[in-house]
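Worksheet: the structure to be examined is printed underneath.
What follows draws every value from the coordinates through simple rules; no lab data is involved. Everything quoted here is computed from the prediction, not taken from an experiment. All Cβ positions, even for glycine, are placed from backbone atoms using ideal geometry, and neighbour counts span all protein chains on display.
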Amino acid sequence: MTRNVLMLATALGMLAGCAPVPGGSDGHGKNVPIVRATGAPRNCISIVGISESRVQDDWTIDFRTGVRDWYRVTLPQRCYSLGTYRAFKYETSLSQLCNTDIITVMEFGGPGGGPRGSCGMGMFQPVEIAK
């Protein structure tokens with residue numbers, strides 16, 4: 001009986017760690033640029049065509065291809081600390097980055113640098129970024 005109570009208490013404690021913190025951030029940035037969709041979402045974009053990526057917050061990454069083309073990826077789940085470190089890496093055997101790929105949040109510099117967790121990508125929505 002004591003063992004079952006201890007296991008239950010441990011499980012409840014772990015679940016409590018997943019609960020939102022009252023008054024805490026939900027990971028959405030306050031200064032994420034407004035965009036207007038310019039076409040149908042795509043599953044993948046060419047890796048060699050990516051000229052820039054901008055992490056906006058824990059949910060949003062904008063990719064520039066070429067000079068003026070932008071794609072917004074809204075992640076299907078929050079990617080904790082992505083908006084803080086604003087850096088990620090990915091590994092793929094294909095020549096494309098796809099909505100089924102996984103990114104890893106990276107912290108660079110300092111003694112504790114390195115990977116900080118992984119998250120699934122989302123669809124690539126062609127957009128025009130408001131000025």
Point to revise | Qualifying residue in segment 73-81 (condition: in contact with a Ser or Thr (Cβ under 8 Å, 6 or more places away or on another chain), surrounded by 11 or more Cβ atoms within 10 Å (Cβ to Cβ) and of a type in the set (D, E, K, R)) | key: no
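Quick one: which of ARG86, ARG36 is charged (D, E, K, R) and at positive phi?
When all the criteria are applied, what remains is ARG86.
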Check your understanding: Which of the residues belonging to segment 88-102 are of a type in the set (A, V, I, L, M, F, W, C) and either in contact (Cβ under 8 Å) with a residue 40 or more places away in the chain or surrounded by fewer than 17 Cβ atoms within 10 Å (Cβ to Cβ) (or both)?
Key -> LEU94, LEU97, CYS98, ILE102
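VAL67: farther than 13 Å from ILE103 by Cα, in a loop (DSSP other than H, G, I, E, B), touching a Ser or Thr at 6+ places or on another chain (Cβ under 9 Å) and free of Cβ contacts under 8 Å to residues at least 24 places away in the same chain, yes or no?
When the stated conditions are applied, VAL67 passes them.
Among the residues of segment 103-116, is any assigned to a loop (DSSP other than H, G, I, E, B), in contact with an Asp or Glu (Cβ under 9 Å, 6 or more places away or on another chain) and crowded, with 18+ Cβ neighbours inside 10 Å?
Of all residues in segment 103-116, those assigned to a loop (DSSP other than H, G, I, E, B) come to 108-113.
When the remaining residues are screened for being in contact with an Asp or Glu (Cβ under 9 Å, 6 or more places away or on another chain), the result is 113.
Filter once more, keeping what is crowded, with 18+ Cβ neighbours inside 10 Å: none.
No, there is no match, as no residue in segment 103-116 is assigned to a loop (DSSP other than H, G, I, E, B), in contact with an Asp or Glu (Cβ under 9 Å, 6 or more places away or on another chain) and crowded, with 18+ Cβ neighbours inside 10 Å.
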